[in-house]
Amino acid sequence: MTAIRAEGLYAYYGTAPAVNGLDLTVPTGSVYGFLGPNGAGKTTTINMLTTLLRPTAGRAEVAGFDVAARPAEVRRRIGIVFQESTLDLDLTAAENLRFQADLCGLSRRASRDAIGSMLDLMDLSERRRVPVRQFSTGLRRRLEIARGLLAEPSVLFLDEPTTGLDAQTRAAVWEHLERLRRERGITVFVTTHQLDEAEHCDRIAIIDRGKVVTEGTPADLKSVIGADLVVLRTDDDQRAAAVLGDRFGLPAEPTPDGLLLRVERAAALVPRLCTELGVTVREVAIAPPTLDDVFLHHTGLAIRESPTGPRTLGNLGEGLR
Ligand SMILES: Nc1ncnc2c1ncn2[C@@H]1O[C@H](COP(=O)(O)OP(=O)(O)OP(=O)(O)O)[C@@H](O)[C@H]1O
């Protein structure tokens, strides 16, 4: 079952394509990460999928309906959480939701039930009568997600839902998103810059210059990169490097942290190295490929917004100190 399908989607602003022949298939009930550098076309894609912007060319279906031909049907089945907050700060949490319920045309009773259930789901019930002005950024985000879910959408779109949140609040937002998929079977389509967040997704598409450059589960994408990074500190790095080259066919690069190697399935090889190297191994650090490596491989860019930053030998080597 497919919740979102896009084929050859284009969006032009003037003569420049912001989305440039994008193809996408999002399975129903998945948390799907849409990852890309600034200006890659993420928001423009979301705007087309949510019927806010008409595609210049190509087609897209959401929840089984064509976004250009049947926009009203699509809108009835989706929820949206925008990058910028659109809550009314002078209203309470419940009043904000009631306003949205009225916009969606819910009956009084349906509105009361939906508001109670969404406040519960987002752990906001105790704050239902509190004006949003008194909410922290994280609570506001949760209320926006609750609002996006009010009309029981089958697909929820979130455009960078955790921008500006601290690490603890980001983790809480993700916990709630995963719960939505688990308990309600909703498809969650989320754009992010944060590679650690992308690890929470069932599948990821990396978009660059308006096109999907790679797609798959986080594990699939990392396995394409293949080799693990290993740093070995020995009693005699020079001799160890010679043995690694001659006997194991592994080029080793001397660094201030030790010898750096790239090997597949390092965990299986390292015990052998320790016994057969003929040099005492003092310390070993192994780092599997990360989504940073995947991103770099496909876009030539490191995502610097990632809280850990791009991985370097220096910060891998820190494990040795
Ligand atoms: N209204 C607009 N008019 C002209 N150009 C636009 C408009 N909106 C976006 N663009 C351009 O289209 C391209 C894609 O922008 P978009 O906002 O979709 O990227 P994004 O991946 O969401 O970026 P970010 O991560 O910074 O939000 C960019 O080059 C941007 O400058």
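The values are calculated or read from the model by the stated rules, or taken from the named source; none is laboratory data. Predicted model only: the values in this text are computed from it and were never measured. For neighbour counting, all protein chains shown are included, and Cβ atoms are generated from backbone atoms with ideal geometry for every residue, glycine included. Only protein heavy atoms, including side chains, enter the accessible area calculation; ligands, DNA and RNA are left aside. Shrake-Rupley method; radii C 1.70, N 1.55, O 1.52, S 1.80 Å.
Summary of computed values
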item	result
Which listed residue, of 44, 50, 2, is away from the ligand (no atom under 16 Å from the Cβ), closer than 29 Å to residue 196 by Cβ and in contact (Cβ under 8 Å) with a residue 24 or more places away in the chain	2
Set 58, 21, 64, 14: member being within 13 Å of the ligand (Cβ to nearest atom) and at positive phi	14
Enumeration of residues in segment 263-299 that are aliphatic (A, V, I, L, M) and closer than 30 Å to residue 41 by Cα	291, 294, 296
Test: residue in segment 72-87 that is assigned to a loop (DSSP other than H, G, I, E, B) and acidic (Asp, Glu)	yes
Any hit, segment 77-84, residues being farther than 23 Å from residue 162 by Cα, β-branched (Val, Ile, Thr) and assigned by TED's automatic domain parsing to the domain that holds residue 8	no
Filter pass, residue 166 being under 12 Å from the mean Cα position of the chain (by Cα) and either among the basic types (Lys, Arg) or in the same structural domain as residue 122 (by TED's automatic domain parsing) (or both)	no
Residue match in segment 30-40 (condition: more than 15 Å from the chain's Cα centre (by Cα), within 16 Å of the ligand (Cβ to nearest atom), closer than 24 Å to residue 300 by Cα and open to solvent by 40 Å² or more (accessible area, probe 1.4 Å))	yes
Strands (runs of 3 or more DSSP E) within segment 150-218 that include 3 or more residues open to solvent by less than 40 Å² (accessible area, probe 1.4 Å), within 13 Å of the ligand (Cβ to nearest atom) and touching a Leu at 6+ places or on another chain (Cβ under 8 Å)	187-192, 203-208
Elements of type helices (runs of 4 or more DSSP H) contained in segment 245-318, each with 3 or more residues being at pLDDT below 80	291-299, 313-317
Scope segment 50-87; condition open to solvent by 70 Å² or more (accessible area, probe 1.4 Å) and either of a type outside the set (A, V, I, L, M, F, W, C) or farther than 30 Å from residue 10 by Cβ (or both); matching residues	54, 56, 59, 70, 75, 76, 77, 83, 84, 86
